[in-house]
Amino acid sequence: MQTDEQLKAIVREKYTAIAGQPAEQNAASCCGSGPVSCCSPADVPIMADDYTQLDGYVADADLALGCGLPTKFALIKEGDTVIDLGSGAGNDCFVARHETGPTGKVIGIDFTEAMIQRARTNAEVRGFNNVEFRQGDIEQMPVSDNVADVIVSNCVLNLVPNKKNVFAEIFRVLKPGGHFSISDIVLLGDLPANLQQAAEMYAGCVSGAIQRADYLRLIDEAGFTAVSLQKEKAIDLPDDILQHYLSADEIAAFRDSGTGIQSITVYAEKPGGPQSGAAQSPKPKRQLESLAGTSAENCCTPGSGCC
Ligand SMILES: C[S@@+](CC[C@H](N)C(=O)[O-])C[C@H]1O[C@@H](n2cnc3c(N)ncnc32)[C@H](O)[C@@H]1O
């Protein structure tokens, strides 16, 4: 059983290596960190969604490490202050900075120095001056209280041992009335022990993931309101990755078990503030209780009225 600090060291080591390798190598594994020798055929991204159509997209920052499109659902307005948790090479930050415009500001936080360096280089060579990258742990963010209008994050909280701490930090740094849009990996059912214990799978965004109902409960318990599932997507781990951790029989049993790995994108608001109840902060109609049991493909933009 590894300590939280040991798990973080594994994650940092993996993402230091990933910061120095091409995106294609990341796309064919889990969260970019699966064993290189078992890449899925045809370089099909297992978790990452297509960013290329989003305004502000910077190809050099897209290391194919995400598992959703949180900025797409983040309702970022011009002039907003946005924080991206686990910003990697800056992929979501650059989309967000396009939306905040020159009057806004984006802060990316990541605890892997090589990622911070890569993100800073990406910003500097393009002359972007409304985005900055801070090295730090999102369990203790290097940010003051009540500064962010919006927080985004893509495929990061599953890597953090104490997710409760992160949601408490998100609550602290959001302005009253601010909100978050977070894409992440969650589980429906228990993973086989060999998968659960594999360090590669931890760094690959799989074995650090928690049950979806527990994830949503943590958000609720942190004090957020208007919790809404914006998108959910099943993640299918191919046999050529699973066979590194499981026998053929175990793979078959895993596939029969009904255990699901999902990418979800969740929206929630910190209560209070001038935006509370105002038109520019639409309240999703669907609440936490009704989400915990859903499993079908679901897509709901806050305020769209579709759920
Ligand atoms: C799967 S990558 C996602 C990167 C980026 N969000 C993207 O979509 O391209 C996870 C990132 O989170 C960072 N990370 C993991 N745990 C962290 C923590 N506790 N504090 C800060 N950053 C963390 C890693 O260094 C890595 O850059």
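The length gained by stretching the chain between Glu13 and Asp239 to full extension, at 0.36 nm per residue less their Cα-Cα distance, is 78.8 nm. Of Gly272, Ile107, Cys205, which is farthest along the charge dipole of segment 4-275 in the positive direction, counting Lys and Arg as +1 and Asp and Glu as -1 at C-beta? Selected residue: Gly272.
For segment 4-275, evaluate the Debye formula with one uniform point scatterer on each Cα (no solvent term) and list log10 I(q)/I(0) at q = 0.08, 0.13, 0.14 Å⁻¹, rounded to two decimals. Reported log10 I(q)/I(0), two decimals: -0.29, -0.79, -0.92. Take every DSSP beta bridge whose two residues both sit in segment 4-275; close to 45 percent of them are antiparallel. Within 14 Å, Cβ to Cβ, of Glu124, how many net charges do the neighbouring residues add up to if Lys/Arg are +1 and Asp/Glu are -1? Residues near Glu124 contribute +2 overall. In order along segment 200-214, the phi-based Karplus estimate (6.51 cos²θ - 1.76 cosθ + 1.60, θ = phi - 60°) of 3J(HN,Hα) comes to 4, 6, 5, 5, x, 6, 10, 7, x, 6, 10, 4, 4, 5, 5 Hz; Gly and Pro are listed as x.
Taking each residue as 0.36 nm, the span from Ala199 to Asp256 lengthens on full extension beyond its C-alpha to C-alpha distance by 18.1 nm.
Here the Karplus relation 6.51 cos²θ - 1.76 cosθ + 1.60, evaluated at θ = phi - 60°, turns the backbone of segment 73-81 into coupling constants of 9, 8, 6, 6, 10, 4, x, 5, 9 Hz, with x for every Gly and Pro.
Annotation for Ala114 and Asp4: the two label points, set 7 Å from Cα along the Cα-Cβ direction, are 2.6 nm apart. To the nearest 0.05, how large is the calculated FRET efficiency for Arg126 and Asn146 if R₀ is 30 Å and r is the Cβ-Cβ distance? Efficiency for this residue pair is about 0.50. Per-residue Cβ neighbour counts within 10 Å put Ile138, Ile251 in the sequence Ile251, Ile138, beginning with the fewest.
Among the trypsin sites (Lys or Arg not before Pro) within segment 100-187, those in coil by DSSP and having at most 16 neighbouring Cβ atoms inside 10 Å are Arg126. Ile264 sits among other residues whose Cβ lies under 9 Å from its own Cβ, and their net charge, with Lys and Arg +1 and Asp and Glu -1, is +1.
Across segment 4-275, Cα pairs under 8 Å and at least six residues apart give a relative contact order of 20 percent.
Bear in mind that the values in this text are calculations on the coordinates, not laboratory data. Quick caveat, the model's predicted, so the values are computed rather than measured. Here the Cβ is made from the backbone with ideal geometry for all residues, glycine too, and neighbour counts use every protein chain on show.
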